[in-house]
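Have a look at the structure below, then the notes.
The values are calculated or read from the model by the stated rules, or taken from the named source; none is laboratory data. Predicted model only: the values in this text are computed from it and were never measured. Don't worry about glycine lacking a Cβ; one is built from the backbone with ideal geometry, like all the others, and counts go over all protein chains shown.
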């Protein structure tokens, strides 16, 4: 105990009674924090959510841990102040330390709120479509909060911030040359956020078809994409920025295209009737677009005609599109059988192509 005189010259050596009382103060403080403060916060959060004040409820819920830590820190400092009979909150040797801890917990509460909304951004906007800018800037906010907390605490200790910032600036210039690729990815992420070509949950594909899948997350350096085989791929943002991107989730229509090969010796009138019947069948389907239906012979070969069947389905759901396509194919087969239209096998150079 005598070794503490250099820090607190006027402290009093505690007795065993003082130690017991200090322990009791800590125990009572813990019980208050565990069974009173925590329950009060929980009930206030429930009260706010019942009245649709979700933002206030979420902020208070995320601050609950920081409030608990700050309260227990206060209890511990009070017990130690009683134990050694020195006001640690105001003493010149310990006041800054206690104040730094309290400021740290305050910033931690703000950080926890930003972290919560970074993971669940839809709860901040209450919109169905997530704004990709929101989680991006929330992540930047988390970094800024940590930096601001560091500078605030450093100011309590009279730290020379000017020299520190100058050193950081010179070091930053040197580091920037070594992390050019990383900076390219970061600025690529900013471009993605500002251009807003896709949202989390969108299904995208690059022009070269090397990347295709659902957007799971967008961060400062990369974009997380879940591929068709349920794999996860981290794609650098600079890669996506420098390539054409197809946002397949924003399609309102799906194209169905089928090629049929019919023998050239079929009766022309029957063939025309079949094309008209196929067109009518597509037109009458409830889920097809009526303004663009193509059923025509588009190529002639030495022993066959190639028939183009093209239409659009008013959906972006692949399962719905395939179901409509299946209905049309069954109808085409029935029409061809009724009109005795003979199909033929195309030559190798004229193999059928199916497009979506």
- [ ] Inspect all residues belonging to the stretch 283-300 and state whether any of them is surrounded by 12 or more Cβ atoms within 10 Å (Cβ to Cβ), assigned to a helix (DSSP H, G or I) and not assigned by TED's automatic domain parsing to the domain that holds residue 205.
- [x] yes
- [ ] Test each condition in (1) within 19 Å of residue 139 (Cα to Cα); (2) touching a strand residue (DSSP E or B) at 6+ places or on another chain (Cβ under 8 Å); (3) at pLDDT below 85 for residue 224 and report the one that comes out false.
- [x] (3)
Open item on the list: Just the residues that are more than 30 Å from the chain's Cα centre (by Cα) and either surrounded by 20 or more Cβ atoms within 10 Å (Cβ to Cβ) or not assigned by TED's automatic domain parsing to the domain that holds residue 260 (or both), please, taken from the stretch 314-324.
Closed with: 324
- [ ] Could you identify the single residue in 262, 324, 307 that is closer than 30 Å to residue 202 by Cβ and outside any loop (DSSP other than H, G, I, E, B)?
- [x] 324
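Each row is one residue, and each column tells you yes or no for (1) surrounded by fewer than 14 Cβ atoms within 10 Å (Cβ to Cβ); (2) touching a helix residue (DSSP H, G or I) at 6+ places or on another chain (Cβ under 7 Å).
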| site | (1), (2) |
| --- | --- |
| 36 | yes, no |
| 45 | no, yes |
| 48 | no, yes |
| 73 | no, yes |
| 86 | no, no |
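Here is a yes/no grid of residues against (1) part of a helix (DSSP H, G or I); (2) under 29 Å from residue 142 (Cα atoms); (3) modelled with pLDDT under 90; (4) in the same structural domain as residue 333 (by TED's automatic domain parsing):
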site	(1), (2), (3), (4)
192	yes, yes, yes, no
220	no, yes, yes, no
258	no, no, no, yes
275	yes, no, no, yes
- [ ] Look through 126, 131 and report the one residue that is buried (at least 16 other Cβ atoms within 10 Å of the Cβ), in the same structural domain as residue 65 (by TED's automatic domain parsing), over 30 Å from residue 75 (Cβ atoms) and modelled with pLDDT under 90.
- [x] 131
